[in-house]
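Engineer: Okay, handing you the structure first.
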Amino acid sequence: MEVQITFLPEGKTVKVRPGTTVLRAAREARIHIATRCGGTAGCLMCKVQVDEPYAAALTPPTDSERRKLGPLLEQGTRLSCQAKIVGQAQVKLPEDPLKAAIRKQLAKEEDDSLW
């Protein structure tokens, strides 16, 4: 049996075995999720956003996730290295920091040119 996960905003879907971490599934889908700790919940770089309808498609947060994320869990944030897929899931990846900085700079320059 396989389960499927969709990564947004790319819209890329991959089928994996139940119990596969979101991070591992992303790698199988050739989607980059930054991590420095190798998947041990040490760096907090691999955060993803899970909307409520898909929360049950992932295992409950680990103790490590609870300690590290605290109130962010209530907002649907999960660590992709800890969350395991058990159903048809969908997660949103954060915008790449470099792309975000470029987008903000371009928006600022556009605003400046209007004056």
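Engineer: Looking at segment 58-101 only, could you name the residues that are surrounded by fewer than 17 Cβ atoms within 10 Å (Cβ to Cβ), within 17 Å of Arg36 (Cβ to Cβ) and among the polar types (S, T, N, Q)?
Structural biologist: Residue satisfying the conditions is Ser64 alone.
Engineer: If you don't mind, another one. Mind checking which pairs have a first residue in segment 34-51 that is among the β-branched types (Val, Ile, Thr) and a second that is modelled with pLDDT under 90, Cβ under 7 Å, 6 or more apart or different chains?
Structural biologist: Every condition considered, the pairs that remain are Thr35/Cys43.
Engineer: Please specify each residue of segment 43-68 satisfying the condition of being among the aliphatic types (A, V, I, L, M) and at pLDDT 95 or above.
Structural biologist: Of everything in segment 43-68, those that are among the aliphatic types (A, V, I, L, M) and at pLDDT 95 or above turn out to be Val48, Val50, Ala55, Ala56, Ala57, Leu58.
Engineer: Looking at Gln82, Gln88, which is the one that is touching an Asp or Glu at 6+ places or on another chain (Cβ under 6 Å) and touching a residue at least 12 places away in the same chain (Cβ under 8 Å)?
Structural biologist: Gln82
Engineer: Quick one: which strands (runs of 3 or more DSSP E) lie wholly within segment 28-115 and hold at least 2 residues that are over 17 Å from Val16 (Cα atoms)?
Structural biologist: 47-49, 77-79
The values are calculated or read from the model by the stated rules, or taken from the named source; none is laboratory data. This structure is a prediction, so every number in the text was calculated from the model and none was measured. No Cβ is skipped: glycine too gets one built from the backbone with ideal geometry, and neighbour counts run over all protein chains shown.
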